[in-house]
Amino acid sequence: MSDYVSGLMADLKARNPGEPEFHQAVQEVAESLTLVFERHPKYREAKILERMTEPERVIMFRVPWVDDAGEIRINRGYRVEMNSAIGPYKGGLRFHPTVNLGLLKFLAFEQVLKNALTTLPMGGGKGGSDFDPKGKSDAEVMRFCQSFMTELQRHIGPNTDVPAGDIGVGGREIGYLFGQYKRIRNEFTGVLTGKGIEWGGSLIRPEATGYGAVYFAHEMLGTRDDNLEGKVCLVSGSGNVAQFAVEKLLDMGAKPVTMSDSNGFIHDPDGIDREKLEWVMELKNVRRGRIREYVEAFPHATYTEADPKGDHNPMWAIPADCAFPCATQNEINGKDAANLLNGGVYVVSEGANMPSTPDAVDQFLSAGILYGPGKAANAGGVAVSGLEMSQDALRITWARHEVDGRLKDIMKAIHKQCRETAEEYGTPGNYVNGANIAGFVKVADAMLDQGLV
Ligand code: NDP
């Protein structure tokens, strides 16, 4: 690490104490950028990275609501408006008990670079709440969403800031949030993405992140004249991203064998086929059940309970060719990475944001496997959100094949940018450097053009 980058990191940690995920995300990017700062001192002189790591605006607010028992509950809401150099703030809302300011700053920072890679005009933001939708009734989720939007509506708009879903925020939550925005503002606009198809949504938006991560893996394999046909794949998570990663893997002839939630994972050595996937979708999206129930329906599979005190996740030790982490940050640690490599995995395409710890990333890069970091591999979701914004603005709806075609082209373009940039900076095959540098340069140049912003 250069003196400049270590000084910058020391300063960042002192100014943002207690935000380990934010430090981790910036550190990874700053290390990649050492190569850029050497070649182009103008970015260092203009303190672009120092500016990019300070949010343009942070909004934090009280979210009071009443539960079904009539008890008053109070949660905390956030929106981090990180960077608007290349377009309106854009990024998801996460509802999960672990949400805090540092977590959202990490996600917002990643989002800025990711959105730049999509080739679409979108700045970066992220928001959410420590509200846990799990175990809540629909009526409770609705009352929470209405209270959350009663404050958030002042700060967002179709040309200002356009939130979407993330962990704990799916179609149901986006519906309640949109309904409340519309009541208060008396406007029907594309202020949120991930909307229902009958009221301003885009076809392929629910599928986009999972499909995109698989398209990215396909592109990486293509560089070695290889493809996904017959590949055994480990998938973590069983939410939006995981479900559609599994669906696209089946389309591509691969064999997904695992899915998980925060309580544990299932391993189905026969493969999770379409019928089983449909069952999982009904379980998770309609019945809102747990993945452990899979083994009751499909007894050939096994269920392993998560061990919160364990030093690794045994799911990543199952022999396979490819891994698609689609659950949450830091779900693959150093030991898991070693197990993946020992088990034969040579493709990792990240559906989740920052699912691999720095130690795990180092091992993937040293081993020279095809490693697609989240900000490139999972950018399909926000890319189709960008396409949803375009359709809303034009008041038209594109056909399924048209959106899917654009998604494929965008994933191809992201892959190409990452690959070419990695080569240009002397680290061929390193998609981490490629993604970080290509995303940074686009935003940095826009910031330079716009004066001291
Ligand atoms: P969902 O809420 O639909 O699903 C999340 C899944 O991950 C669930 O199976 C959940 O299990 C599991 N999970 C969440 N937190 C943890 C945890 N701490 N430990 C273990 N498992 C956990 O979210 P998404 O599928 O939308 O998001 C998954 C990942 O993809 C996130 O990292 C998100 O930021 C990223 N992403 C999502 C995009 C999107 O379009 N939705 C776009 C780009 C990235 P449980 O039910 O037990 O909580």
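DSSP beta bridges in the chain, what fraction antiparallel, as a percent rounded to 5?
Values: 26 of 44 bridges.
Of the beta bridges lying entirely in the chain, close to 60 percent run antiparallel.
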Item to check | Amide hydrogen neighbours beyond the local backbone of Val232, cut-off 5 Å, H modeled | outcome: Lys255, Asp321, Cys322
Checklist entry - Quick one: Karplus J couplings for region 67-80, per residue in order, coefficients 6.51, -1.76, 1.60, θ = phi - 60°, nearest Hz, x for Gly and Pro? => result 7, 5, 8, x, 7, 7, 10, 10, 10, 10, x, 9, 9, 9
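How long are the semi-axes of the ellipsoid equivalent to the chain, from square roots of 5 times the Cα gyration tensor eigenvalues, in whole Å, largest first?
Working: eigenvalues 175, 170, 91 Å².
Taking √(5λ) for each Cα gyration eigenvalue gives 30, 29, 21 Å.
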Checklist entry - Which value results when the Cα radius of gyration for region 206-276 is divided by 2.2 N^0.38 Å? => result 1.06
Item to check | Local electrostatic count at Glu110 - Lys and Arg +1, Asp and Glu -1, tallied over other residues with Cβ under 12 Å | outcome: 0
Checklist outcome for this item: re region 61-119: pairs of Cα atoms spaced beyond 17 Å account for a percent value of 49 percent
Checklist entry - Out of residues 5 or more away from Phe131 or on other chains, whose amide H comes under 5 Å of its own, with H placed 1.01 Å from N in the peptide plane? => result Arg76, His96
Item to check | Lysine pairs with alpha-carbon atoms under 20 Å apart, region 3-188, spacing 8 or more or separate chains | outcome: 10
Next on the checklist: Whole-Hz ³J(HN,Hα) for each residue in region 311-320, computed from phi via Karplus 6.51 cos²θ - 1.76 cosθ + 1.60 with θ = phi - 60°, x for glycine and proline: what do you get?
Outcome noted: 8, 7, 10, x, 4, 6, 9, 6, x, 6
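Can you give the local net charge around Asp226? Use residues other than it whose beta-carbon is closer than 14 angstrom to its beta-carbon, Lys and Arg +1, Asp and Glu -1.
So the surrounding residues net to -2.
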Checklist entry - Mind listing the phi-derived Karplus ³J(HN,Hα) values for region 262-276, rounded to whole Hz, using 6.51, -1.76 and 1.60 with θ = phi - 60°, and x for any glycine or proline? => result 6, 8, x, 10, 10, 10, 10, x, 6, x, 8, 8, 4, 5, 5
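Would you order Ile74, Ile59 from fewest to most other beta-carbon atoms within 10 Å of each residue's own beta-carbon? Don't skip to the answer; put the middle values down first.
Details: Ile74 10, Ile59 18.
Sorted ascending by nearby Cβ count, the order is Ile74, Ile59.
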Next on the checklist: At a 10 Å Cβ-Cβ cut-off, how would you order Val347, Val99, fewest neighbours first?
Outcome noted: Val347, Val99
Next on the checklist: Between region 312-362 and region 68-139, what is the separation of their alpha carbon centroids in Å?
Outcome noted: 25 Å
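Between Tyr4 and Glu50, what is 0.36 nm times their sequence separation minus the Cα-Cα distance? Round to one decimal in nm.
On the way: separation 46, 0.36 × 46 = 16.56 nm, distance 1.11 nm.
Going from the current span to full extension adds 15.4 nm.
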Checklist entry - How would you rank Glu173, Glu28, going from fewest to most other Cβ atoms within 10 Å of each one's own Cβ? => result Glu28, Glu173
Checklist entry - Does a label point 7 Å from the Cα of Glu38, set along Cα-to-beta-carbon, have any residues of region 400-420 with amide nitrogen under 12 Å, and which are they? => result none
Item to check | Segment His401-Arg57, length gained on full extension (0.36 nm per residue, minus Cα span) | outcome: 120.1 nm
Checklist outcome for this item: The convex hull of the Cα atoms of region 132-222, divided by residue count, gives a volume in Å³ per residue of 119 Å³
Checklist entry - Give me the Kirkwood hydrodynamic radius of region 208-377 in Å, from all C-alpha pairs, to one decimal place? => result 15.5 Å
Item to check | Beta bridges by DSSP in region 153-287, antiparallel share as percent, to the nearest 5 | outcome: 75 percent
Item to check | Share of alpha-carbon pairs per 5 Å distance bin for region 3-188, given as whole % | outcome: 1, 8, 16, 19, 18, 14, 9, 6, 5, 3, 1, 0, 0
Next on the checklist: What does the extension gain come out to for Asp132 and Glu187, with contour length at 0.36 nm per residue minus their alpha carbon separation?
Outcome noted: 16.9 nm
Checklist outcome for this item: Residues whose modelled amide H sits under 5 Å from the amide H of Lys90, counting only those 5 or more places away in sequence or on another chain, are Gly123, Gly124, Gly125, Val162
Next on the checklist: Among DSSP bridges having both ends in region 208-377, what percentage is antiparallel? Round to the nearest 5.
Outcome noted: 40 percent
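All of the numbers you see were taken from the coordinates with simple rules; none came from a lab. Remember, predicted model here, so these are calculated numbers, not experimental data. Every residue, glycine among them, receives a Cβ derived from its backbone with ideal geometry; neighbour counts consider all protein chains shown.
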